[in-house]
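Below is one structure, written out as structure tokens; the observations come after it.
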Amino acid sequence: MNTRFTLFFITLILFVTSCQQRINSSDGLDSLNAERLKNHIRVLASDSLMGRMPLTLGEEKTIRYIEEQYKAIGLEPGNNDSYIQEVPMANILAIASPEMIVTSKKNTFTLNAFTDYVVWTNKTEKQIVIDKSELVFAGYGVVAPEYNWNDYKDLDVKNKIVLVMVNDPGFWIGDTSLFKGKAMTYYGRWTYKFEEAARQGAKGCIIIHKTEAAGYPFSVLQNNFNTNRLQLDNRNKEVQECDLLGWVTETSAKKLLQSSSSDTNLLAKANELNFKGTSLNLFLSTKIDVTVNYNHSHNVIGKITGTKYPDEVIIYTAHWDHFGIGKPNAAGDSIYNGAIDNASGVAALVELAQAFKSIKTKPERTIVFLTVTAEEQGLLGAYYYVDNPIFPIKNTIANINVDMLNCLNQTNDFYITGAGQSELEDYFIEELKQAGFYLSEEKYPEAGMYFRSDHLPFVKAGVPALFIGNGTDDINLGKEEGEKIQSHYRSKTYHTPDDEFNEIWKMEGTIDQLKILLQVGKRVAYTHIFPQWKSTSDYK
């Protein structure tokens, strides 16, 4: 009996060892090709794809190209016998009145659309009418029991307009003792502000803009004023939504506060733990005319079926969409090519798929390559997939999201966006060090980039996800010059027609990133580990 017992464990050890040796740590790395990657970006960011706006000819060309690449690589269709998942959309054109009338006990004055504020609606009624709706200041508009914070406590906002501040409590006055200090939580994100206002029964929600707190200037919001916005087609579904959504400049917000009969120091007081929201005794009037068209956009999905645990899935995501054709820049260019954001990510998924297919030993778990639509419109393709998953969310082990890779230079470092979420980060750090790089801190945690890309719907559904950021320690030029390169992209190129493909790109930094993301994926796909949430995660 003891001999059998011993032989059993010897056999088990040999089996485990052989499993570990079936794939070398370097398998697939040599398949990653900079020129091929560069060509994918060249095509995806070309003018012929018209800025890859969903529901346009640009979409048709884009998804056809991705599907062709998946087929050429030998990926299996990810949606039964199709590479396509239809995503039902509502294309909403909301044209706001040129002004908003503000009535107080003292006087009546107007705010000007575009200059003082931008507003829109996600509702599909032909007209949204705001007729002397009461304006209520609700601080940061946050209900966070784990932080003992409730801006809506004892505050009646039903059928009223709430005015709230962007980012988390404490940020506007530099108090890092509240929430997570300088790093934004989801409570600070503008999408959360609108969601919570709707839950509270508000008719509208207007966010006070501040560049440092929002992570971008007011001009970014102006670029999308009175333009088409996409939403998921929610007909016949009960969805909580305010009638009016928007932003107001900090200057105009202060004008509103000064015109009210309330304390003009409310912006500072909103950072106090026991702050109480209040009516401003102001009443707003304006209109929005709405035109809606319904159509389908598309996610593109390919897969490699696992040999041992085919029902357990790792999903690589990247969004294929950008802004299409819009307002021209100083040079008269109106095509938003989105080369880095996010032709680079789509090209990366194709290249990663090629690398996995080059490995002779097939993965034990299924690997899915999911390129999603309408990220720029609010992560819509990713949210639709999570709500209508082809592979059950409960069997989705990990998500690795690829967005805005480093095409500009090669660096010694990378960072994790929203660090402190799951053990996927530990795998990434180990692979990073093994490859001779180091982990740097997230550059602008206050911008809340963790809440601005396609991993978020997976995270909110309970799937551990990894989202990395570009380093700044340039291999040849050093940290200072490397920061200048990345800073110029963020401030001058991001979300403008200048985000174009450049033939001088060498793609060395991008290949470095892909090698590490490949290694992390191999860890999960070729073993039976289950990445766990960290105790520091808000999503655990």
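No lab work stands behind these numbers, since they all come straight from the coordinates. Keep in mind that what you see is a predicted model, and the values were worked out from it rather than measured. Note that each Cβ is placed from the backbone with ideal geometry, even for glycine, and that neighbours are counted across all protein chains shown.
Computed per residue of the chain from DSSP H runs no shorter than four, each worth -39500 (n - 2.57), the mean residue ellipticity at 222 nm is -8500 deg cm²/dmol. Between the listed residues PHE171, TYR83, ALA113, the Cα displaced farthest toward the positive end of the dipole of the stretch 83-209, a dipole computed from Cβ unit charges relative to the Cα centre, is found at ALA113. When a/c reaches 1.5 or more, the comparison of a/b and b/c decides; with that in mind, is the stretch 413-517 rounded, prolate or oblate per its Cα gyration tensor? In terms of gyration-tensor shape, oblate.
Straight-line reach from LYS237: taking Cα to Cα under 20 Å and skipping same-chain neighbours fewer than 8 places apart, the aspartates and glutamates in range are GLU86, GLU125, GLU195, GLU196, ASP387.
Of TRP247, TRP149, the sequence from fewest to most neighbouring Cβ atoms within 10 angstrom is TRP149, TRP247. Within the same chain, aspartates and glutamates fewer than 8 places from LYS360 are excluded, and of the rest, those with a Cα less than 12 Å from its Cα are ASP27. In this simple spin-label model, placing a label point 7 Å from the Cα along the Cα-to-Cβ direction at both GLU60 and SER97 gives a separation of 4.0 nm. Each DSSP beta bridge with both residues in the chain is either parallel or antiparallel, and the antiparallel ones are about 65%. Ordering of 366-378, 301-313, 474-486 by packing is 366-378, 301-313, 474-486, highest average first (other Cβ atoms within 10 Å, averaged per residue). Summary of packing: across the peptides 73-79, 164-170, 431-437, the per-residue average of other C-beta atoms within 10 Å ranks them, highest first, as 164-170, 73-79, 431-437.
DSSP H helices in the chain with Cα extent of 24 Å or more along the helix axis and mean Kyte-Doolittle hydropathy at least 0.5? For the chain, where a helix must reach 24 Å along its axis and average at least 0.5, the hits are 2-21.
Annotation: extensible slack from VAL220 through GLU483 equals 92.5 nm (criterion: 0.36 nm per residue apart, minus Cα-Cα distance). Using θ = phi - 60° in the Karplus curve 6.51 cos²θ - 1.76 cosθ + 1.60, the 3J(HN,Hα) couplings for the stretch 364-373 round to 6, 9, 6, 10, 10, 10, 10, 9, 10, 8 Hz; x is entered for Gly and Pro. Pairs of alpha carbons in the stretch 99-204 separated by more than 19 Å make up 51% of all such pairs.
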